Amino acid sequence: MSAEQPATHPESGLAVIPLTVTSGATRHEFQVEVAQTEAEQAKGLMFRTKLGPTEGMIFPRQPADIASFWMKNTPLPLDIIFVGTDGRILNIAANTEPYSLEPVSAIGLTETVFEIRGGRAEELGIKAGDLVEY
């Protein structure tokens, strides 16, 4: 049993954990910040000016709901990935518009929302139906 503390992100102070997306025979690995509390989820990636190619943030939803997000105070375009209760991607709001107040929503019950740099999902071939595990 390890006594190591989980890694934390230097800017947000949130725990950082590994996450994988399995797309066919390909596994994509990310290091994601976990926005657990209501306040952490409300802030999300607001005010952030950089996000590495394998970095992201997850928003666990307990209980699962129809998630809806916006880009208020978020200067980076993001891919907002909605993950269903079976761990599979429901839909992706790709390259969301920075600072937009227009909501983007899941198409079904959402257990996790996973955000990465805008355009990465398409670059990597990540799509609806792919498996997300963390």
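The mean sequence distance of close C-alpha pairs (under 8 Å, at least 6 residues apart), as a share of the length of the chain, puts its relative contact order at 26 percent. Among Ile80, Phe47, Ala35, whose Cα sits farthest toward the positive end of the charge dipole of the chain (+1 at Cβ of Lys/Arg, -1 at Cβ of Asp/Glu, about the Cα centre)? Of the listed residues, the answer is Phe47.
Determine the shape class of the chain: with a ≥ b ≥ c the square roots of the Cα gyration tensor eigenvalues, call it rounded for a/c under 1.5, and otherwise prolate if a/b is greater than b/c, oblate otherwise. Because its axes are fairly even, with a/c under 1.5, the chain counts as rounded.
Test of understanding: given the chain, find the longest segment containing no trypsin sites (Lys or Arg not before Pro) that are in a DSSP loop and have at most 15 other Cβ atoms within 10 Å. Present the calculation step by step, with values, prior to reporting the outcome.
Working: sites that count: Lys50, Lys72, Lys127.
For trypsin sites (Lys or Arg not before Pro) (loop position, at most 15 other Cβ atoms within 10 Å), the longest site-free span of the chain is 73-126.
Computed over protein heavy atoms with a 1.4 Å probe, the accessible surface of the chain works out to 55 Å² per residue. The alpha carbon convex hull volume per residue for segment 40-92 rounds to 93 Å³. Taken about its Cα centre, the chain carries a charge dipole of roughly 160 debye when the Cβ of each Lys and Arg holds +1 and the Cβ of each Asp and Glu holds -1.
Arrange the residues Asp65, Asp79, Asp86 by how much accessible surface each exposes, largest first, with a 1.4 angstrom probe. Please list the in-between numbers first.
Numbers: Asp65 55, Asp79 0, Asp86 105 Å².
Largest accessible area first, the list is Asp86, Asp65, Asp79.
Seen from Lys50, the other residues with C-beta closer than 14 Å to its C-beta sum to a net charge of -1, counting Lys and Arg as +1 and Asp and Glu as -1. When the surface is traced with a 1.4 Å probe over the full set of protein chains, Met71 keeps roughly 10 Å² accessible. With no solvent and one point per C-alpha, what does the Debye sum give as log10 I(q)/I(0) for segment 10-78 at q = 0.16, 0.19, 0.25 Å⁻¹? For segment 10-78 at q = 0.16, 0.19, 0.25 Å⁻¹, log10 I(q)/I(0) is -0.63, -0.87, -1.30. The overall shape of segment 68-134, judged from the alpha-carbon gyration tensor, is oblate: a/c is not under 1.5, and a/b is no greater than b/c. Surface composition of the chain: carbon and sulfur atoms hold 54% of the protein heavy-atom accessible area at a 1.4 Å probe.
Counting only GluC sites (Glu not before Pro) that DSSP places in a loop and that have at most 16 other Cβ atoms within 10 Å, the longest clean stretch of the chain runs over 12-134.
Each Cα pair under 8 Å and six or more residues apart adds its separation to the average, and for segment 78-134 the resulting relative contact order is 47 percent.
The values are calculated or read from the model by the stated rules, or taken from the named source; none is laboratory data. These numbers were taken from a predicted model, which means no experiment stands behind them. So basically every Cβ, Gly included, is an ideal-geometry build from the backbone, and we count neighbours across all protein chains shown. Side chains are part of the model used for accessible areas, which takes the heavy atoms of the whole protein and leaves out ligands, DNA and RNA. Shrake-Rupley method; radii C 1.70, N 1.55, O 1.52, S 1.80 Å.
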